[in-house]
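Note sheet for the following structure.
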Amino acid sequence: MAISPENKQASPRLDSSTDAEAWQSVLELCGDEVRAGIRPPKNKRALEQQVAARSYTIKQAAKLVGVDGETMRTAAQELALDSFLDPRGKLRFPAGSFQPTATDPDLREMIAGYARLRLADLRKVFSIDQRALISRIRQAGLSPKRVVWRDVRGMWGLPHTFAEYSQLLSESQPSADEGKKKSRRGGRHRKRRQREARSKLRNRLIDAFPNWRNAWRDHQQLTLHIGDPNSGKTHDALQALKAAGSGWYLAPLRLLAYEIFDRLNAEGVPCHLLTGEEIIHTEGAKITAATIEMFNAQDSGECVIIDEAQMLADADRGWAWTRALMECAAPEMHIIGPPTARKLIEVLAAAAELPCELIEHQRLAPIAVAERHFTLETLPPATILVAFSRRNVLDLKMTLERMGRAVSVVYGSLPPEVRRRQADRFAEGETEICIATDAVGMGLNLPADVVCFYETEKFDGKNDRRLYPAEVHQIGGRAGRYGIREAGLIAATTKADMDIIRELYAQQPPELSYARVAPTVDDLQLIPGSLAEQLTRWAELQSIPEALRAIITTADLDERIELAKLLTDDEIKRLGLAKALQLVNAPTRKSTRNYWLDCAYMIIEGYQMPMPPAAPVPIQDGGDLDATEACIACADVYLWLSQRKEFAAFGEAHHQVREERREWSLSIDQALLLNLNTARRCRTCRARLPSRHRYRICEDCFKRRRHRAA
């Protein structure tokens, strides 16, 4: 059975003995057959070379089949091809099982069916313009943004095999000799003109970079609150905000903004709530608790608090912290962060000529690393058990509940309202264990006696890697209840992981290096091309003034670029650049891109956005839970768009969507409260999958699929 790339567990670093053991274990997965035309190394101890000789990498497999690497990777996942991950994290296919697949025309065509076709290539094949091609695709009930070979083979006169299509495409290209002649003509002059144009554009962007040394700096004071978790930083900053009487509290998560909104109003201090999805006005309030992207720097009030300042360095969202810090006009600013953020903030303040006072906070309750590990059976009450995937959190929930333990769960895709209810039950002692992902690291009031790591590796969106020292400090810092226990404990569930946690916690986390910035509409207007090309080129140019390049870098725009690619130039023109940029700023993920695109089409055409898909009620199993979380994520996209003034007219059903979302969140909370069976099921036959099963289909369905393919 294949090892799914989405569940890979690659070792970050291996010593020599561990390295040999790891390569020996994957060599056994390769089988005895060697790749065609390759001689195995004579030295049988050269395990890595033996594996390379008996398996294909993604690139090698794709070349053999006649597709690109992305198609090969998608097909491997969807068709559950025999595969494994080597100790360096590379996906490989055993030669013995893959070579028959690659030489079978039917199986090759099945793999090629997942190839994504470029509209430019289809235009060359058909010799038609873009508009006619898009019309033809839409009439076939397909999306022009994602045309896949299996959906169009044999249509419109296309051949029935991908190999024939590739040949047809190559014949439509100019000859190699002709292409070489054209490329030689004026090549040097063209490159020189390109360099000059690039330099000129970069200089124009640098000239447009904001000037942070504003006139109001003479009347501002920045107070930097530095300390570990549970050191009273936020409490002291809030006291200053209440004394000032007006201003903002800025948080990374709406959950944390809501907690401060609730807290201030309970203390008799009127406070508004402003997040991307929700606005709650409170009569007489002059203070707003908000997610940081919603901050209005032109209406800063008397005091602004910027929490979790280490997010300045976040590749995706750090630009919002940089903007808030450098554009805030309030006379009084309070920045809250860990010791790793101190130097970067002080340098940024100096660059803006902003006076900065440092207050160092000490933990209210001491913390220590446990001497021995805990097993699942011996976890003490008031423990946060940390895992790094939703699947592991839900598997652990079922396991501990079968042991008779009362459990709460907290993970990233869980709606914020449910996370808060689950956390409240734990904080109030209704549950004794809280199983959480690193979503517990910020935004939740979760005092615990013990933080216990179930695993010490995580998938960070691109790679599996070992935890960083800063992550162990941030998450482990939740241990310790001031006034209840003398000290908090950080632990793990195995001896090996206990040694890793002890090593990481002893290390001093490195200081943050860079704050992030994102492009403005004015920046993009200087850059030619489509919106996706403008965003890509802005990131590539790194147009930062010389004096700031040591502390400022550009944000990661990958998700925005992917969304921009889904829109045609004509659609962006109809929207206008400012609205288009706002549209691609929506908080999407891969699972909600299609729904976002449906909303975008309706906005462009001037119609009401479609309602989010309806969630299954009641939630009866893990599949229903998955579906409900996906529906809530779509509802969040609708609400975010409906709260933007540019798109509010197309989201008139926001009250209904918000109410449905609330009901779906309650149903998730109720299902988790009733010990929901979250066991994963085969996506084909719905049979229950074993708890450690790494794939999305069961063994029987896998065998039947392979038999049909053969």
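Table for the structure above
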item: Ranked by how many other beta carbons lie within 10 Å on average, peptides 452-458, 430-436 from highest; result: 430-436, 452-458
item: For region 566-643: rounded, prolate or oblate by the Cα gyration tensor [a/c cutoff 1.5]; result: prolate
item: Radius 12 Å from Cβ of residue 232, net charge of other residues (Lys, Arg +1; Asp, Glu -1); result: -1
item: Cα centroid separation, region 27-99 to region 401-437 (Å); result: 42
item: Protection proxy ranking of 105-113, 336-344 - average other beta-carbon atoms within 10 Å, highest first; result: 336-344, 105-113
item: Surface accessible to a 1.4 Å probe, per residue, for the residues of the chain, Å²; result: 48
item: Volume of the Cα convex hull of region 188-255, divided per residue and given in Å³; result: 205
item: Order of exposure, largest accessible area first, which applies to 63, 579 with probe 1.4 Å; result: 63, 579
item: Per-residue HN-Hα couplings for region 78-89 [Karplus 6.51, -1.76, 1.60; θ = phi - 60°; Hz; x = Gly/Pro]; result: 6, 8, 6, 5, 4, 7, 7, 9, 7, x, 9, x
item: Segments 542-555, 247-260, 308-321, 122-135 sorted - mean Cβ within 10 Å per residue, highest first; result: 247-260, 308-321, 542-555, 122-135
item: Listed pairs 145/458; 59/124; 200/565; 458/590; 191/579 exceeding 23 Å between Cα atoms; result: 145/458; 59/124; 200/565; 191/579
item: The chain shape via C-alpha gyration tensor axes, a/c threshold 1.5; result: oblate
item: Inter-part distance where region 295-347 and region 469-538 are each reduced to a Cα centre, Å; result: 16
item: Distance-filtered residues of region 496-533 - backbone nitrogen under 20 Å, label point 7 angstrom along residue 211 Cα→Cβ; result: 520-523
item: Cα-based Rg / Dmax (Å) for region 599-646; result: 13.1, 39
item: Separation between Cα centres of region 646-669 and region 233-268, rounded to whole Å; result: 26
item: For region 528-610: span of alpha carbons on each principal axis (Å, largest first); result: 47, 27, 15
item: Net charge of Cβ neighbours under 10 Å - reference residue 497; Lys, Arg +1; Asp, Glu -1; result: -1
item: Neighbourhood net charge (12 Å Cβ-Cβ; Lys/Arg +1, Asp/Glu -1) for residue 378; result: +1
item: Cα-based Kirkwood hydrodynamic radius, region 287-347, one decimal, Å; result: 11.8
item: Cα Rg, Dmax, region 456-597, angstrom units; result: 21.5, 64
item: Segment residue 406-residue 360, extension gain: residue separation times 0.36 nm, minus the distance between their alpha carbons; result: 12.8 nm
item: Percent carbon-and-sulfur accessible area, the chain, ignoring ligands, DNA and RNA, probe 1.4 Å; result: 49
item: Prolate/oblate/rounded call for region 71-136, Cα gyration tensor, a/c under 1.5 rounded; result: prolate
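The values are calculated or read from the model by the stated rules, or taken from the named source; none is laboratory data. Everything numeric here is computed off the predicted structure, so don't read it as measured data. Glycine gets a Cβ as well: all are built from the backbone with ideal geometry, and neighbour counts include every protein chain shown. For the accessible areas, the whole protein counts, side chains as well, though only heavy atoms, and no ligand, DNA or RNA atoms are used. Shrake-Rupley method; radii C 1.70, N 1.55, O 1.52, S 1.80 Å.
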